[in-house]
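Following: one structure in structure tokens, then a few remarks.
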Amino acid sequence: TEDEEAYSNSIYGIEKKQFPYMLCVTNLLLHGLDVPQVYHANTLLHDVLDYTESDKVDVILMNPPYGGSEKADVKNHFPTDLASSETADLFMSVIMYRLKKNGRAAVILPDGFLFGTDNAKVNIKKKLLREFNLHTIIRLPGSVFSPYTSITTNILFFDNTHPTEETWFYRLDMPEGYKHFSKTKPMKLEHFQPVLDWWNDRQEITEEGFDK
């Protein structure tokens, strides 16, 4: 009974679009969650400055929607300097406001976030670097999300420990034998092995540096 209660109270979410929301709730009902804590709403319509400690979490893993544009009524829920019209930028702000002290995050974001120079994007990146430790960026192959989008994406790993001092960057190229990924030839876990090997080497270098 205790396990079932913990299971029922550990899964929750918010979905803006009606059809994915219905699919999600139906799937949870079919898998034994009698009262799914999934709500049909828009996360971006909550004032980020109103988040309290009880709204914050230890770990955030997210692939926010990108390429979309939000209207003024959505942007009004963010500080003026962070009020981007790009959906992914706004979700990045939400993530920063909801990550607990010492919390960790891994977020997939398009090139537009890394290299965009409009005021809001610059201010969001300043906040990220000044208040969080952006320790690693992994650049993914261009077709990893094909056929849905060809936009080049990156995984940003950061934590809420201290300001960024240095950022390690790894470019993951297309594996041998692949010209591009597709629905029938998707990216597999083993294609990430070069990143894992690099990560392990990096840990050894870091530990040796500390020892010295």
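None of the figures in this text is laboratory data; all of them are computed from the coordinates on show. Just so it is clear, the model here is predicted, and its values are computed rather than measured. For neighbour counting, all protein chains shown are included, and Cβ atoms are generated from backbone atoms with ideal geometry for every residue, glycine included.
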Diffusion coefficient in µm²/s returned for the range 99-205 by Stokes-Einstein, Kirkwood Rh over C-alpha pairs, 25 °C and 0.890 mPa s, is 161 µm²/s
Those aspartates and glutamates that a straight Cα-Cα span of less than 19 Å connects to residue 185, excepting residues fewer than 8 apart in one chain: 173, 176
Amide H contacts under 5 Å for residue 136, placed H, 5+ residues apart: 157, 168
Note down the relative contact order for the range 53-184 as a percent, whole number, built from C-alpha pairs under 8 angstrom at least six residues apart. 24 percent
Given a Förster distance of 25 angstrom, what is the FRET efficiency for residue 189 paired with residue 151, based on the Cβ-Cβ distance and rounded to 0.05? 0.70
Quick calc, residue 59 & residue 1: beta-carbon distance into FRET formula, R0 35 Å, rounding 0.05, result 0.85
Could you please tell me the mean projected area of the C-alpha convex hull for the range 75-162, averaged over all directions and given in square nanometres to one decimal? 5.8 nm²
Give the distance, in whole Å, between the Cα centre of the range 159-201 and the Cα centre of the range 12-41. 31 Å
From the cross-link list 56/121; 126/179; 71/125, which pairs have alpha carbons spaced over 26 Å apart? 126/179
Hey, can you rank 116-122, 88-94, 16-22 by average C-beta count inside 10 Å, highest first? 88-94, 116-122, 16-22
Two-site label geometry, residue 169 and residue 182: point separation in nm, points 7 Å out along Cα→Cβ: 3.2 nm
I need the helices of the chain that pass two filters: whole DSSP H segments spanning 15 Å or more by Cα along the axis, and mean Kyte-Doolittle score no lower than 1.0. 18-30
For the range 124-211, which chymotrypsin sites (Phe, Trp or Tyr not before Pro) are in a loop by DSSP, counting at most 16 other Cβ atoms within 10 Å? 148, 178
Compactness ratio of the chain: Cα Rg over 2.2 N^0.38 Å, N = residue count? 1.13
